[in-house]
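The values are calculated or read from the model by the stated rules, or taken from the named source; none is laboratory data. None of the values given here were measured: they were computed from a predicted structure. Neighbour counts are summed over all protein chains in view; Cβ atoms, including those assigned to glycine, are modelled from backbone coordinates with ideal geometry.
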Ligand SMILES: [Zn+2]
C-alpha cells in the first residue's frame, strides 16, 4: 500500500513525466478487472478528465492527486499507479486508463478495493482526503513538536500507539508499513498505551516520524513498494513480510508477529518490550 513516501514520489514523477500532456481517451472500469470500489463514481472519470491537459500532481497523505485544469483524479489506498511509455505494452487488467496525446498511458489498478475518484474544482468530500489535505504533513515544518504533542494530548490515554499513529490518519500518509520501522527504531511496542509513553519515548517518536519519513521519501519510497515506473523504492524496509521469519536487523532476536486490531503487528520482542 502506498504511504506518504510513495505518494510523494509518484506525484513528483507524474509532474516530471506528464505535465503538458493532453488526455485523449479515458477508459474506466475495464470489464476484465474484478474490483470493489470505495467509490462507485469511476464512471464519471472519462467525463471529468477527457480532453484535459495535465498541469501538475500533488501528494496528500496516502493519496496522489493528478491535476488537469479544474479537473482532478484522486488515487488512494489500494490503487497501483503505473506509467506506460509510448509503444510500451499495456497491462490487460486495470480499473482506469488515461491515454495521452504522445501515445503514453497511465493505468490505475486495484486488487480488492481501492479509492479512485474524479472531480471538478476540488469538489470532493471524502473525509480521509479532506483530513489529509488539511492536517500538517510530517514532511513539512508545520508538523512540529508542539503539533505532535497536541495530537497525543487529544487522543485517549488508553489508546495504543499503533492505533493513534497509523489508524486514524491523524498523521497524513503514515500507515502500518512505515510505522513498523519507526517503532522498531524508537524501541516502542505497537500495543503500548499512550499513557505509558515517557517524555524520552515521545521525543524519539516525534524525531523518528520526521526523519524516517523524510529518508524514505528522499530515497523514492520503500523497497517493498513500486514507483510510477514499477521500480522498487531505494529505502530498504527494516520490517517487511520477507523478513518476518528472520532476525531483527538491530539486535538479531527473531521478529514476532501477532494479530492485532483486525490486522497484524510485527515487532522485535527485545528492542520493543511490551
Ligand atoms: Zn531487536
- Item | Every residue from the range 245-263 that is at pLDDT below 85 and either farther than 22 Å from residue 160 by Cα or not assigned by TED's automatic domain parsing to the domain that holds residue 184 (or both) | 245, 246
- Task: Would you mind telling me which numbered condition in (1) surrounded by 17 or more Cβ atoms within 10 Å (Cβ to Cβ); (2) away from the ligand (no atom under 16 Å from the Cβ); (3) more than 22 Å from the chain's Cα centre (by Cα) residue 203 fails?
- Result: (1)
- Residues being buried (at least 23 other Cβ atoms within 10 Å of the Cβ) and in a strand (DSSP E or B) - total across the range 55-69: 8
- Only residues that are under 19 Å from residue 205 (Cα atoms), more than 9 Å from the ligand (Cβ to nearest atom) and surrounded by 13 or more Cβ atoms within 10 Å (Cβ to Cβ): list them for the range 236-274, please. 237, 238, 239, 265, 266
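Sort out for me the strands (runs of 3 or more DSSP E) sitting completely within the range 70-125 that have 2 or more residues that are more than 19 Å from residue 12 (Cβ to Cβ). Steps first, please.
Values: elements: 71-75, 79-84, 96-100, 105-110, 116-120.
Here the list reads 96-100, 105-110, 116-120.
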- Message: Could you go through the range 149-163 and let me know if any residue there is closer than 22 Å to residue 250 by Cα and buried (at least 16 other Cβ atoms within 10 Å of the Cβ).
- Response: yes
- Task: Please state which of the following conditions residue 147 fails to meet, knowing it meets all the rest: (1) assigned to a helix (DSSP H, G or I); (2) touching a residue at least 12 places away in the same chain (Cβ under 8 Å); (3) under 22 Å from the mean Cα position of the chain (by Cα).
- Result: (2)
